[in-house]
Structure formats: structure tokens, C-alpha cells
1. Every residue in the range B:34-45 that is within 13 Å of DNA strand C (Cβ to nearest atom) and either within 14 Å of another protein chain (Cβ to nearest Cβ) or crowded, with 16+ Cβ neighbours inside 10 Å (or both), please.
2. If we keep just the residues of the range A:19-33 that are open to solvent by less than 40 Å² (accessible area, probe 1.4 Å) and within 12 Å of DNA strand C (Cβ to nearest atom), which is nearest to the other protein chains (Cβ to nearest Cβ)?
3. Looking at B:Phe60, is it within 10 Å of DNA strand D (Cβ to nearest atom) and modelled with pLDDT of 95 or more?
4. Could you count how many residues in the range B:46-70 are of a type in the set (Val, Ile, Thr) and either outside the structural domain of B:Ile18 (by TED's automatic domain parsing) or surrounded by fewer than 15 Cβ atoms within 10 Å (Cβ to Cβ) (or both)?
5. Can you tell me which of (1) under 26 Å from A:Glu25 (Cα atoms); (2) open to solvent by less than 50 Å² (accessible area, probe 1.4 Å) is the one A:Phe118 doesn't meet?
6. Would you kindly identify the strands (runs of 3 or more DSSP E) lying entirely within the range A:52-130 that contain at least 3 residues that are within 10 Å of chain B (Cβ to nearest Cβ) and farther than 20 Å from B:Val93 by Cβ?
7. Picking from A:Gly73, A:Gly95, A:Gly83, which residue would you name as being among the small types (Gly, Ala, Ser), closer than 21 Å to B:Ala76 by Cβ, at pLDDT below 85 and open to solvent by 50 Å² or more (accessible area, probe 1.4 Å)?
Protein chains: 2
Amino acid sequence: MDNQDIRKAGLKVTHPRIKILELLENSSQRHVSAEDVYKMLLDNGEEIGLATVYRVLTQFETAGLVTRHNFEGGHAVFELDRGGHHDHMVCVVCGKVEEFIDPTIEKRQREIAKSHGFEMVDHSLIIYGHCSNPKCSVG
Amino acid sequence: MDNQDIRKAGLKVTHPRIKILELLENSSQRHVSAEDVYKMLLDNGEEIGLATVYRVLTQFETAGLVTRHNFEGGHAVFELDRGGHHDHMVCVVCGKVEEFIDPTIEKRQREIAKSHGFEMVDHSLIIYGHCSNPKCSVG
DNA sequence: AATGATGATGAGAATCTTTTTCATTACAAG
DNA sequence: CTTGTAATGAAAAAGATTCTCATCATCATT
């Protein structure tokens with residue numbers, strides 16, 4: 001992931017784009033909202049407008065560099081595409097997100113789509129539950 | 001599904017709640033946004049405020065009468081819970097939604113959650129693709 | 001059937017997320 | 001280095017949802 005990825009996407013290599021891509025690569029949180037990105041950039045002394053953050057994230061999504069997720073909560077979160085596709089498991093108490101991939105499910109999805117006359121282009125699987133943290137488990 | 005369901009949820013049986021529940025039962029669209037509900041009620045001559053529609057849908061969700069889905073598009077859609085759980089397949093071109101249920105996937109999900117130390121309470125699986133309508137297919 | 005406590009409603013304001021507008025600035029090809 | 005075009009920032013706008021608060025309806029009790 002470097003500036004060539006931006007160029008290959010047909011986008012000019014600008015300061016905001018470079019910084020946003022860097023941030024997505026280095027962030028400890030894998031799933032960040034546009035607001036998160038904006039604030040983290042501010043913390044790093046980068047004065048990049050929120051509108052630009054939204055624009056760039058959307059462009060990165062179109063270019064296949066990041067994936068947008070519509071989890072619960074009324075706002076989208078973005079995640080850098082590090083090659084492999086995966087699904088998500090979200091703790092409904094603490095919000096912790098774990099990633100997983102299961103070949104059985106991947107395979108069944110394609111079969112099911114086909115049997116309904118759909119050609120699958122993407123999918124989203126989110127398991128909601130209580131994570132292993134004692135604070136999050138049910139009584 | 002009748003007024004007793006509203007009462008059982010600990011809610012008063014009011015005119016807006018009755019009409020919203022009726023509408024969800026009789027609507028030809030299974031997945032409707034709050035705005036959709038508001039407009040359909042207006043078409044039926046029911047002057048129910050948009051804020052009330054949001055409040056009631058949220059209460060119905062809490063009561064387990066309806067399910068809220070965060071598909072793409074920046075707004076939530078609601079669906080009457082007709083007993084059985086199911087997953088969704090959404091056409092990325094025309095927006096058509098089909099429902100399905102697959103025991104293999106259901107079973108694997110529980111196993112995967114458990115293997116990550118999660119106790120699954122819910123899940124959301126959405127397959128995006130091109131539906132069989134010629135206008136929606138690729139190529 | 002009347003009463004009264006409490007919950008529910010409607011209208012609009014407020015909030016939050018995201019997109020658009022537009023004047024200014026920066027990239028990148030020649 | 002010039003210049004066309006794309007990109008940016010700021011603010012406004014748009015869209016979705018929630019909140020506030022005065023008024024009204026429901027329901028358990030008279």
C-alpha cells in the first residue's frame with residue numbers, strides 16, 4: 001500500500017490522500033468512521049477538512065482500497081482492504097470486533113445466490129454476541 | 001399479530017401503534033424505512049407524525065415485533081418479525097430483496113462464534129449481487 | 001361512566017452524518 | 001514554468017433520526 005495505489009486508482013497523489021492512507025495503515029483500530037479519521041488526523045497536526053475525508057474514503061472504496069461497513073450505530077465505518085476478505089463478529093456490549101473467514105460459509109453463499117438467480121458480487125456477514133470478557137457475558 | 005402484541009410489549013394500545021402494526025402486516029414491501037411508513041400512513045389518511053413513527057418502530061424493535069436492518073443507503077429499514085429468522089439477498093442494481101435461510105450456514109455461525117469465545121445473540125448476513133432481471137445482470 | 005396518573009403524541013427544533021457548492025489551490029503533463 | 005483540470009476547505013445544505021415540551025389519550029380505579 002503506497003502512493004502508487006492512489007495513482008493506480010486514477011486519483012492524484014495529494015497530501016490528504018497520502019495522509020489518510022497512512023493513517024488507515026497505521027491505526028490501531030481497524031474499523032474507523034470518517035469522524036474518527038478526521039479527529040486522528042487533527043491529533044497528528046494534519047488540518048484536513050471533514051468533507052475531504054468523506055470524499056477520499058468514498059474514492060478509496062470505489063477504488064477497492066477500503067471497504068465500507070454499515071454496522072449498527074447510524075454511521076459507516078471504513079477498513080483498509082488488506083488483501084483477504086473476511087467477516088465480522090461484534091460484541092454487543094463492548095463493541096469489540098473480531099474477524100474471521102470460513103470456507104464452508106463462503107462456498108454456501110455462492111451456491112445460494114446462484115440458486116436464486118443472483119450473481120454474487122459481495123456479501124456482509126456480521127455475528128453479534130457477547131464476547132469472552134466477563135464484563136460482557138450474560139449473567 | 002394484533003393489539004395484544006402491543007399490550008404484551010408493555011405499550012399502550014394507541015391509534016398510531018395500531019395503524020403502524022397494521023401497515024407492516026399489510027404492506028406489499030417487506031422492508032420499509034421510517035419515511036416509507038410515514039408516507040404510506042399519509043396515503044391512508046392517517047396523520048401520524050414522523051417522530052412518532054420513529055419512536056414506535058424503535059419500541060417495536062425493542063419488543064421483538066420488528067427487526068431493524070442497516071442495509072446500504074444511509075437509512076435503516078424495518079421488517080415485521082413473522083416468526084422465522086432469515087437472511088437477505090439484495091440486488092445492487094434494482095434493490096430487490098429476497099429472503100433465504102440456510103441450515104448449513106446457521107449451524108456454522110454458532111460454531112464459529114463459540115470457537116472465538118462469543119455467545120451469539122444475533123447475526124446479519126446480506127448477499128449483494130445482480131438479480132436475474134436482464135436489466136440488472138452484468139455484461 | 002367519570003377521574004386522574006402516567007404514558008403517548010405532534011410539531012418543530014436540535015443533532016448527527018454525509019453530501020454539495022463554490023471559490024481557491026495544487027498536481028502533473030507539456 | 002505554464003496551464004488545464006482535478007482536489008481542497010469552509011460553509012451551507014440535505015437527509016436521517018432524536019429530543020423537547022405542551023397537549024392529549026389510555027387505562028386502572030372510582
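The values are calculated or read from the model by the stated rules, or taken from the named source; none is laboratory data. Everything quoted here is computed from the prediction, not taken from an experiment. Every residue, glycine as well, gets a Cβ built from its backbone with ideal geometry; the counts of neighbours run over all protein chains shown. Remember, those area values only see protein heavy atoms, side chains included, never the ligands or the DNA or RNA. Shrake-Rupley method; radii C 1.70, N 1.55, O 1.52, S 1.80 Å.
1. Matches in the range B:34-45: B:Ala34, B:Val37, B:Tyr38, B:Leu41.
2. Among those residues, the one meeting the criterion is A:Ser33.
3. No, not satisfied.
4. Summing the residues that are of a type in the set (Val, Ile, Thr) and either outside the structural domain of B:Ile18 (by TED's automatic domain parsing) or surrounded by fewer than 15 Cβ atoms within 10 Å (Cβ to Cβ) (or both) in the range B:46-70 gives 1.
5. The single condition A:Phe118 does not satisfy is (1).
6. Filter on the range A:52-130 gives A:87-91, A:97-100, A:119-130.
7. A:Gly73
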